[in-house]
Each structure stands twice: as structure tokens, then as C-alpha cells.
Amino acid sequence: MTQNFKIYAYPPPETLSFDSQVESLFYSSLIHSHFITQNPEEAHLFFIPFSFHSGLSARAAAYVVGKYRTEFIYWNRTLGADHFFLSCSGIVHGADRNVVELKKNSVQVSCFPTTAGLFIPHKDVSLPPLANVHAPVHAPGSKSSSYLGYVKYNWVKESNIKEQLLADPEFEVESEPSDQLTYEERLAGSKFCLFEYGPEISAIGEAMSFGCVPVVITDRPIQDLPLMDLLTWQQIAVFVGSSGGVNEIKRVLGRVVVEEYEDMRESAAVASKHFVWNDTPQPFDAFHT
């Protein structure tokens, strides 16, 4: 089926640069993939090759859409519903028809975690974050762990929870950034990796790669997790609120250790292959997933 799936990319501007490496990798992978067709009549989707960066005004976004709608017939056929675009920062709200249709109808391909209020869960998707480290192999069998949980510097910022974690000997909590080797050793030597939902959660793929089951501290449903149509996140990560503090976190983790830890660890390690970005895309990596 994927061999027959085609995407038409509109002519890009003379210069095109993106805010993040993930956006650049996705764009390069897409443009050089077998999905691209030079015949728009055989396309299933249409890609808008423009950098909708954080400083872009609603007026500028409207101009981009208006240009393609005027020069081509395809936007007006669905009012943009079969179009998609890249934007890690999200599109600002605007009253112009072109911006309204872009935000309401077209698929926004975002970076995880997404900008609050600028991601529409029923249509938009988030890309797996770029992992800076990967475990060399996923060793089978049980994992020998020095700590119940690991918190890298800045992964958890809520002061009360951080203080409670620092006082608990079962958690390794960094008070300053660690070097790469120490970071990898702590990922490999901990059962769980604790994240507060926010920018630092982008390291979730690195934790998964080392078999460190992610624990996401959040008081609201997360609707922008990468690959939500593919991965069953409840089988890969633990989600817990902040109101009960570390005692509640430990209670939840204690139940997981007894009932399902090994299965979650293996599932997280296997799923981490979908978080790998390659200069030349490979089967089942972040681009092809």
C-alpha cells in the first residue's frame, strides 16, 4: 500500500530552513522518498513546504496559503483537508480565511511536546523527538537496577516533588547536568525514568532505548504523544498525577514492579526503534513509522 501512496509537494520558496533538527530531518526524508510524485493528479496528500516558525505572523501564513490556492486548484477541492505542513511552534490564530482553513482542516506535523493551545488532537500529529543516545543492544531477560527511579537534571522541576525525590534514597536525582557516560549508566541502571510533562520530556525515547520505563508526571490527559495511532502508551509508560507527591508515585511504581514491569520494559525498548531518526530513513524508524 505504501508503494502506491503519493504526496505532491508544492514548489518551495528559494530559501527554506526550519526551527529544529527534527523538522529538517523529516523534510529531507520526505522530499527524497518514494512517496513524492511530480504529478499532482495522482497525489493522495499535498505538502506545503514552508517554515511556519515561531515568529511567523498570521498575515504571513495567510499569504502562503493564498499563493498556493491561487496558483493551484487542489486546496479549493477540500479547503485544505488533504494538505499537511510542518510546524513545531504551531500556527497562531487569525481571522483570515486562509489561516482558519489551515488550522481547522490541514494536518499540522508538530514536534513533541507541542505548543500548548496550538495542537488539535483529532487531526494533528507529533513527531518522535530526536534521541541523542541509544542503547547499543536491547539485552533480553531481567534488568539489574541500582535505583528505582532516575531523574536527570531538569526532568522534574516542581519544587515539592523534587525535594521529596532528593530525600528518597531509592531515586537518583541530579542537581546538576551529568556527562554523557554517566547519563547512559544511570539510564541503564534504573528501573524507571521520571519526567514532568514539559520540554524535557523529549528525552523519553532515550529512556525507552535503555529499558528505563518512562514515568510521566502530569495532572491532565496528554493528547500529543508521538505515534498514538501505533503505540499503546499505557503499556510503555506510567502516567501519574502530582497531587499525591512521591508517596503516590512510589505506590504506583510498586504495583507496576510487581505486576507488569518486565513487560513494560521490553515493550518500551522495542518501541524505541520508532524514535530513531536516520539521515537515510530505514524501515520502522521515526520517518517510516
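The values are calculated or read from the model by the stated rules, or taken from the named source; none is laboratory data. On a predicted model such as this, the values are computed, not experimentally measured, just so you know. Positions of Cβ are generated from backbone atoms using ideal geometry, with glycine treated the same way; all protein chains shown enter the neighbour counts. What goes into the accessible areas is simple: the full protein's heavy atoms, side chains included, and nothing from ligands, DNA or RNA. Shrake-Rupley method; radii C 1.70, N 1.55, O 1.52, S 1.80 Å.
So here's what we get for this one:
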item	result
Qualifying residue in the stretch 119-127 (condition: within 19 Å of GLY205 (Cα to Cα), charged (D, E, K, R) and in contact with a strand residue (DSSP E or B) (Cβ under 9 Å, 6 or more places away or on another chain))	no
Some residue of the stretch 81-93 being more than 22 Å from PHE119 (Cα to Cα), open to solvent by less than 70 Å² (accessible area, probe 1.4 Å), assigned by the TED database to the domain that holds ILE120 and not polar (S, T, N, Q)	no
Unique residue being in contact with a Pro (Cβ under 9 Å, 6 or more places away or on another chain), open to solvent by 40 Å² or more (accessible area, probe 1.4 Å) and at pLDDT below 95 when the list is PRO199, PRO140	PRO199
Count - residues of the stretch 66-109 that are touching a Lys or Arg at 6+ places or on another chain (Cβ under 7 Å), of a type outside the set (S, T, N, Q) and not in a loop (DSSP other than H, G, I, E, B)	2
Single residue of PHE192, PHE239, PHE284, PHE171 found to be within 19 Å of ALA135 (Cα to Cα), modelled with pLDDT of 95 or more and of a type in the set (Phe, Trp, Tyr)	PHE192
Residue in the stretch 202-219 that is in contact with a Gly (Cβ under 9 Å, 6 or more places away or on another chain) and loosely packed, with under 15 Cβ neighbours inside 10 Å present	yes
Residue within the stretch 47-67 that is in contact with a strand residue (DSSP E or B) (Cβ under 6 Å, 6 or more places away or on another chain) and surrounded by fewer than 19 Cβ atoms within 10 Å (Cβ to Cβ) present	yes
Hits in the stretch 241-289 (condition: within 22 Å of PHE112 (Cα to Cα) and part of a helix (DSSP H, G or I))	MET264, ARG265, SER267, ALA268, ALA269, VAL270, ALA271, SER272, LYS273, HIS274, PHE275
Residue match in the stretch 63-84 (condition: modelled with pLDDT of 95 or more and within 21 Å of the chain's Cα centre (by Cα))	yes
Subset of the stretch 16-37 [surrounded by fewer than 19 Cβ atoms within 10 Å (Cβ to Cβ), under 17 Å from SER87 (Cβ atoms) and among the hydroxyl-bearing types (Ser, Thr, Tyr)]	SER17, SER20, SER24, SER28
Pick from the stretch 172-195, criterion in a strand (DSSP E or B) and either among the β-branched types (Val, Ile, Thr) or over 19 Å from GLU262 (Cα atoms) (or both), ranking: nearest to the chain's Cα centre (by Cα)	PHE195
Enumeration of residues in the stretch 90-128 that are on the phi > 0 side of the Ramachandran plot and modelled with pLDDT of 95 or more	none
Given (1) farther than 22 Å from SER159 by Cα; (2) in the same structural domain as MET208 (by the TED database), number of the condition VAL252 does not satisfy	(1)
Any hit, the stretch 199-219, residues being on the phi > 0 side of the Ramachandran plot and not charged (D, E, K, R)	yes
Residue check for ASP179: acidic (Asp, Glu) and in contact (Cβ under 8 Å) with a residue 60 or more places away in the chain	no
